[in-house]
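Below: one structure, written as structure tokens.
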Amino acid sequence: MIDQLLEGNRLFVENEFNRNLDYYRNIAQAQHPQVLWIGCSDSRVPEDVITGSRPGTIFVHRNVANIVAFNDVNIAAIVEYAIAHLNIPDIVVCGHYNCGGIKALDEGVEENYIADWLLISGGAKEQVDRLAHERSLTRAQRLDLLSEENVKLQIKHLNNLSLIKNMHRTGDLPRIHGWVYAVESGRLKVLVDGRKQT
């Protein structure tokens, strides 16, 4: 696999980079992304590929189950850098269906760090437990709903960060969007549209 990656880079330079040299020289000087993407680490959900975006347009943070943790210095620093230094106007929290982290959240997991990490999404599981019982959901429907409710919960977490709260006191930026990607169809579903008043 390593050899394939290196060969892929050679082909990228030959077929993409060298053919668009002015573009790549321009973004080499400074980055000006327009979106902060908070997504899942899942290898099947590459944000640039599924949105048809070029390098330099999306500032990215990915972790298991696209979680926004209050005590995570990493995500706090990324959000602050994106908002305060890169002046990014839009944040997308993107989950996906058929997510291993979501399945582990629903079923329970015993691995130490994974279990501790997924506790942050416990509120989404509690919500889905109630809704699944009321609606008599199938297992697949339950997991899809849990992916969606997790995105909504992470947006609540994001909105509760002091930096975001303070910025929203003085204006509408950053706009926050919630999406879910369907691995099976390649389509994005909009759950929360930060362009509209909710």
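The numbers here are math on the coordinates, done by the rules we state, and not lab data. Computed from a predicted model, the values in this text were never measured in an experiment. Neighbour counts run over all protein chains shown; Cβ positions are idealised from the backbone, glycine included.
Just a few scattered comments:
- Order of His61, His96 - criterion: other Cβ atoms within 10 Å of each residue's Cβ, fewest first: His61, His96
- Label zone of Glu16 (point 7 Å out along Cα→Cβ, amide N under 13 Å): in the stretch 44-75 this covers 46-58.
- Mean Cα-pair separation over length for the stretch 53-127, i.e. relative contact order, pairs under 8 Å, 6 or more apart, %: 31
- Per residue, the average separation of C-alpha pairs within less than 8 Å and at least 6 apart gives the chain a relative contact order of 21 percent.
- In this simple spin-label approximation, Ala115 and Ala76 carry label points 7 Å from Cα along the Cα→Cβ vector, and these lie 2.6 nm apart.
- Candidates Asn26, Ile176, His96 compared by Cα position along the dipole of the chain: farthest toward the positive end lies Ile176, with charges placed on Cβ.
- Net length available on complete extension from Gln127 to Leu188 is 19.7 nm, with 0.36 nm assigned per residue and the Cα-Cα distance removed.
- Whole-number percent relative contact order across the stretch 12-84, with pairs defined as alpha carbons under 8 Å at least 6 apart: 30
- Label-point separation in nm, Ser162 to Arg139, each point 7 Å along Cα→Cβ: 4.5
- Cα gyration tensor, the stretch 123-196 - rounded (a/c under 1.5), prolate or oblate: oblate
- Per-residue [θ]222 nm for the chain (sum of -39500 (n - 2.57) over DSSP H runs n ≥ 4, rounded to 500): -14000 deg cm²/dmol
- Beta bridges per DSSP with both ends in the chain, % antiparallel, nearest 5: 20
- The Rg/Rh ratio of the chain, with both radii computed over alpha carbons and Rh defined as the Kirkwood radius, is 1.00.
- Residue exposure proxy: Phe59, Phe12, Phe17, ordered by other Cβ atoms within 10 angstrom of their Cβ from fewest to most, comes out as Phe12, Phe17, Phe59.
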